[in-house]
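Read the structure below first, then the notes.
The values are calculated or read from the model by the stated rules, or taken from the named source; none is laboratory data. What you see is a predicted model, and the numbers here were worked out from it, not measured in a lab. Don't worry about glycine lacking a Cβ; one is built from the backbone with ideal geometry, like all the others, and counts go over all protein chains shown.
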Amino acid sequence: MKHDWIKFPFHIIFHPYDGFWDLKYENKGRLRVAMTILLLMVVATSLMNQFAGFLVNFNDPRYLNTLYDLMYTVLPFILFCVANWSVTTLMEGEGKFREIVIATAYALLPMILINLPLTFISRFMTNEETAFYWMLNTFGAIWFLYLLFVGNMTIHQYTAAKAVITLILTVIAMGIIVFLGALALTISMDMYWFVYDIYRELIFR
């Protein structure tokens, strides 16, 4: 059908087992749709940080930056996909990297659908009504985690227990990648300044 690529992400969030199965075996997932959803997540995060009501928004407007929203949304997404692919490759997962990216992006959709309208509704909330905001915000996050679990289980053809273990190992792998990246950056900077100091010594001697 002509507009299946638009309807399919909504099919996944309401029928995740069928949806992720179709994503893997019917090739219904689209990378461009996944990237659009990721972009919408960046927009939703930025709008929430800047325009959510003051009763629920604890960000200092002086330090808000859309580039930070982009970095703190896209980098964890990429990091999760790389870590998950690395872990599942070692654990005989059947999912391809492209499928991991698409499934992870599609799982973000509930958070966008909830957080975008909730951001503007929060501007009119009273203090007593903020519990409603946090409840819906938490519900969106839980929905996302559930879809991430089902997607991970389906595209890799894991049991529920193995999918949980894989997700835990993925989080650990993300921490290891961040640690190694920070270590490599620190060593590179130390080497740069070491070479620079030697260069200055040779020039001014």
Looking at segment 136-163, which of its residues are farther than 23 Å from Leu47 by Cα, in contact with a helix residue (DSSP H, G or I) (Cβ under 7 Å, 6 or more places away or on another chain) and assigned to a helix (DSSP H, G or I)? Leu147, Leu148, Phe149, Val150, Gly151, Asn152, Met153, Thr154, Ile155, Ala160, Ala163
Being of a type in the set (A, V, I, L, M, F, W, C) and at pLDDT 90 or above is the filter; apply it to segment 182-205 and report the residue that is nearest to the chain's Cα centre (by Cα). Ala182
For Met71, only one of the following conditions fails: (1) among the hydrophobic types (A, V, I, L, M, F, W, C); (2) more than 27 Å from Leu169 (Cβ to Cβ); (3) exposed (fewer than 13 other Cβ atoms within 10 Å of the Cβ). What is its number? (2)
Could you figure out which of (1) closer than 14 Å to Leu167 by Cα; (2) under 16 Å from the mean Cα position of the chain (by Cα); (3) buried (at least 19 other Cβ atoms within 10 Å of the Cβ) isn't true of Leu79? (3)
Can you tell me which residue within segment 62-110, out of those that are in contact with a helix residue (DSSP H, G or I) (Cβ under 7 Å, 6 or more places away or on another chain) and among the hydroxyl-bearing types (Ser, Thr, Tyr), is nearest to Leu39 (Cα to Cα)? Thr73
From Asn27, Asn59, Asn65, residue being without any contact (Cβ under 8 Å) to a residue 24 or more places away in the chain and at positive phi: Asn27
Can Tyr133 be described as hydroxyl-bearing (Ser, Thr, Tyr) and not in a helix (DSSP H, G or I)? no
Scanning for something closer than 25 Å to Thr159 by Cβ and surrounded by fewer than 19 Cβ atoms within 10 Å (Cβ to Cβ), does segment 98-111 turn up at least one residue? yes
With respect to Ser46, determine if the residue is buried (at least 18 other Cβ atoms within 10 Å of the Cβ), within 30 Å of Leu180 (Cα to Cα) and among the polar types (S, T, N, Q). yes
